[in-house]
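Visitor: Once you've had a glance at the structure underneath, I'll fire off some questions.
Nothing in this text is a laboratory measurement; each read-out follows from the coordinates by a stated rule. Quick caveat: nothing in here was measured; it's all calculated off a predicted structure. Every residue, glycine among them, receives a Cβ derived from its backbone with ideal geometry; neighbour counts consider all protein chains shown.
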């Protein structure tokens, strides 16, 4: 063709078949016929190439319209031919139909771009290996995760980058793939160059190539670090104590079950050790739960350090910890471990300027002698722990069958108390408080009794400790206070405003909101009540407890220190926080009238009370000799069998009617 003059010197028959028929004024001999068939967007580019005299050979692609109105992709290969000087150089052109080739090329470009996008994806690691597992290429994401440049990974075994414990799984996956089976994805721990572990879900596939190319293995690695971190968080929340970081009850039971299976196979012993802190409730009541939590964290650390490397310690809840000891074939080993724990927990706790002294009670049960299941061993160890606590605390006890019978007895008491609360089976008795020298009634002490369905009236000596340990004392004590307030108002109407009922409040009741509510609801009864507390409650120096007692006094009530001299008496506390009444315990009164040291103690308490301007009530006066000793030391108040046994309300009314009331 002559591009300069716009002529086609020769055209093959095939070209005529490819192009639409020429439209006038064009004809098949003019270049316009060909130009008009080229896609309008490409005409300028194609024509510019024809007229560029600088090029003697070229190749270009463009679209030609077909007779049916479609488009055909062609590849033009052209050469500029020699010509006489001054004449236009003709162009020889051959056209190749590349329509299908361009479709394939576009598909290949799309596939390549997709592969490139996957290769460049920062969240997906990719590595191409030979079938024997040698690394050929790795993408930037994987190189970054492993902290190793791609060129340094090239030529290394892929399993080198897998955690040793996961390499067997990798080999199984690899063999399945090479065996023409599509293996399931596997979670693997990648081993970075610096030793850091990275979690990945690994997919492998075999890319088969025709000869002479070799097959390759493509490995895709999803980053599942975050998913594994969430799994770990969920696992820790389900199996570890949030406060101390120790295993919780569920994980301990699982480990104990596994240990029992091993012990059964190997004919070895397993010991379960139940630990309960002594005095922890008082820490919470006095210093608050935040400091209590710090005590628990410190306790967990001390127990850990006191154990051997292969022992397990868990927190069961509250201030209860449980230890499992394997490979302790002799009880002496267990005793040594328990002694280490006791010694560690005896050391002072210094927290925020507070120096706290605690101890622990430990119970131990052994597999298989004491039980063969985890439930049995935990129950037996718990029973032994309570035996240690009842035996004086700060000690360890091995389980014995006798403990179980006592534990059953205590459980029966607890169940019976619950039923008694539901059936209103508690009663109040009243022991008159007699004033000397008048020997008339000043008031009465309120005494609780349990009306048992088979045993009759049961003394609180048999059930108060259980009620305090179980928390039932709060509901029982709340009922006693309500009834005492109601009857105190009746007593005041009957015998005058100076007549008072004395009611004991257990240390376990303090901290309960019902005490505060009772004070508001029964304020009118306070001038006719005396609240008795033990020395341990007084010496605990709890701000909330002392504030409640002060509100009792401000409302007209009195506060009595019960069993004075048997606990932690401190004159400093009495001077700082005075009481209205000191009660001399029966253990001193029993020996009064015999000339022994108890007489001097009682005399000293009377002098102390006078100095503190407090009244004295001497308990347990049961003989004329005791009364003969006390009478010259009046004024004071006494109570005991010498005057009256505990009486029901009607009996108190009769007794006061016969004896009379001391003048207010």
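Visitor: Of the peptides 205-216, 82-93, how do they stack up when ordered by the mean number of other Cβ atoms within 10 Å, highest first?
Guide: In descending order of packing, they fall as 82-93, 205-216.
Visitor: Expected output is a single nm value to one decimal: the length gained when fully extending between residue 350 and residue 113, i.e. 0.36 nm times separation in residues minus the C-alpha distance. What is it?
Guide: My answer for the length gained is 78.6 nm.
Visitor: For region 121-229, take N as its residue count and report Rg(C-alpha) divided by 2.2 N^0.38 Å.
Guide: Compactness ratio reported: 1.01.
Visitor: Determine, from the Cβ-Cβ distance of residue 264 and residue 208 and an R0 of 56 Å, the FRET efficiency 1/(1 + (r/R0)^6), rounded to the nearest 0.05.
Guide: Efficiency for this residue pair is about 0.60.
Visitor: While we're looking at this one, here's another question. Rank these for me by crowding, 359, 37, 138, going from fewest to most other beta carbons within 10 Å.
Guide: Ranked by crowding around the Cβ, least crowded first: 359, 37, 138.
Visitor: Compute the convex hull volume of the Cα atoms of the chain, divide it by the residue count, and report the result per residue in Å³ as a whole number.
Guide: Measuring per residue, one finds 328 Å³ for the Cα hull of the chain.
Visitor: At 7 Å along the Cα-to-beta-carbon direction for both residue 653 and residue 486, put a label point, then send me their distance in nm to one decimal.
Guide: 1.5
Visitor: While we're here: Working from the alpha-carbon coordinates of region 462-563, get Rg over Rh, Rh being the Kirkwood radius.
Guide: 0.96
Visitor: As an exercise, use a Förster radius of 51 Å and the Cβ-Cβ distance of residue 604 and residue 236 to find the FRET efficiency, rounded to the nearest 0.05.
Guide: Result of the calculation: an efficiency of 0.30.
Visitor: Using only Cα atoms, what Kirkwood radius does region 308-416 have, in angstroms?
Guide: That comes to 15.1 Å for region 308-416.
Visitor: Turning to a different aspect of this structure: By counting other Cβ atoms within 10 Å of each Cβ, how are 324, 102 ranked from fewest to most?
Guide: Arranged by neighbour count, lowest to highest, 324, 102 become 102, 324.
Visitor: What's the extension gain from residue 229 to residue 106 if we count 0.36 nm per residue and subtract their Cα-Cα distance?
Guide: Going from the current span to full extension adds 40.0 nm.
Visitor: Give me the base-10 log of I(q)/I(0) for region 392-479 at each q in 0.12, 0.13, 0.18, 0.26 Å⁻¹, Debye formula, one uniform scatterer per Cα, rounded to two decimals.
Guide: -0.52, -0.58, -0.86, -1.31
Visitor: Once you have the Kirkwood Rh of region 13-104 from its Cα pairs, apply Stokes-Einstein at 25 °C and 0.890 mPa s and quote D in µm²/s.
Guide: 172
Visitor: Ignoring everything except DSSP H segments at least 4 long, calculate the 222 nm mean residue ellipticity for the chain; use -39,500 (n - 2.57) per segment, divide by total residues, nearest 500.
Guide: So the helix-based figure for the chain works out to -13500 deg cm²/dmol.
Visitor: What do the square roots of 5 times the Cα gyration tensor eigenvalues come to for region 240-399, in whole Å, largest first, as semi-axes of the equivalent ellipsoid?
Guide: 27, 16, 13
Visitor: Shape call for region 371-435 from the C-alpha gyration tensor, a ≥ b ≥ c root eigenvalues: rounded (a/c under 1.5), prolate (a/b greater than b/c) or oblate?
Guide: Because a/c hits 1.5 or more and a/b fails to exceed b/c, region 371-435 counts as oblate.
Visitor: Report the label-to-label distance for residue 544 and residue 144 in nanometres (one decimal), using points 7 Å from each Cα along the Cα→Cβ vector.
Guide: 5.4
Visitor: With each pseudo-label sitting 7 Å past Cα toward Cβ, what's the residue 88-residue 192 distance in nm, one decimal?
Guide: The two pseudo-label positions are separated by 7.0 nm.
Visitor: How much length is gained if the chain between residue 339 and residue 160 is pulled fully straight, taking 0.36 nm per residue apart and subtracting their Cα-Cα distance, in nm to one decimal?
Guide: Full extension from residue 339 to residue 160 adds 59.6 nm.
Visitor: Sort 74, 434 so the one with the fewest other Cβ atoms within 10 Å of its own Cβ comes first.
Guide: The order, fewest Cβ neighbours first, is 74, 434.
Visitor: Something else now. Taking R0 as 56 Å, what FRET efficiency do you get between residue 462 and residue 181 from their Cβ-Cβ distance, rounded to the nearest 0.05?
Guide: With a Förster radius of 56 Å, E is 0.15.
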